[in-house]
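The structure appears right after this line, and notes come after that.
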Amino acid sequence: MKTGKITSALIGETSAGGLWLHIYRDGELVYSHDYFANGATDSYYKSALRQAIDDMLAMEDYGDWEGNDMIDYNDGDTTLETLTFDGAKWELVGRDTISDDVIRVNKDRLPASIIGEVD
């Protein structure tokens, strides 16, 4: 059994060209995923935004996920940490076009305080 505090963060590309998930254990990156590694077709875009929140909610199970490439996508220059979750609390850290879309598409699962930031 893994121990330690698990948190997750969505990383958005400031040009709205990418969306990544980071999962941390005790502040150390232990999982990363690129949702648009194979492109972002119109039909896939919305489902990827839903999947990102699904994955954040399931972050405790990260060790069971396949395809972990362990890339730190947050370079701080062309990317922005946008939405974080610590298992109990969501926080909107920064905003970009994709994070606003994530919030709009997941209104049924995010707290009103987060949703109110983009309405």
With only helices counted (DSSP H, runs n ≥ 4, each -39500 (n - 2.57)), the per-residue ellipticity at 222 nm for the chain, to the nearest 500, works out to -7000 deg cm²/dmol
How far, in nm, would the chain grow between Lys107 and Val93 when pulled straight, counting 0.36 nm per residue and subtracting the alpha carbon separation? 3.3 nm
Among Gly12, Gly87, Gly76, which one shows the highest mean-square fluctuation when the chain is modelled as a Gaussian network with alpha-carbon springs under 10 Å? Gly76
Lysine pairs in the chain with Cα atoms under 22 Å, if 8 or more residues apart or on separate chains: 4
Percent of Cα-Cα pairs per 10 Å bin, from 0 to the last occupied bin, for the chain, please list those. 14, 50, 33, 4, 0
Can you tell me which of Ala40, Ala88, Ala58 moves the most in a GNM of the chain? Springs connect C-alpha atoms under 10 Å apart. Ala88
Only four residue types carry charge here, +1 at the Cβ of Lys and Arg and -1 at the Cβ of Asp and Glu. Report the dipole size of the chain about the Cα centre in Debye, rounded to the nearest 20. 380 debye
Suppose a student asked you for the relative contact order of the chain, using Cα pairs under 8 Å spaced at least 6 residues apart; what percent would you report? 29 percent
Cα→Cβ-extended label distance, 7 Å offset, between Ile71 and Val118, nm: 2.3 nm
So which chymotrypsin sites (Phe, Trp or Tyr not before Pro) in the range 37-119 pass both tests, a DSSP loop state and at most 15 other Cβ atoms within 10 Å of the Cβ? Trp65
Which one, Ser43, Ser32, Ser99, has the greatest fluctuation when you compute a Gaussian network model over the chain with C-alpha springs under 10 angstrom? Ser43
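Rule-based calculations on the coordinates, nothing more; no lab input. No experiment lies behind these values; they were computed from the predicted model shown. Methodologically, a virtual Cβ is constructed for each residue, glycine included, from the backbone with ideal geometry; neighbour enumeration extends over all protein chains shown.
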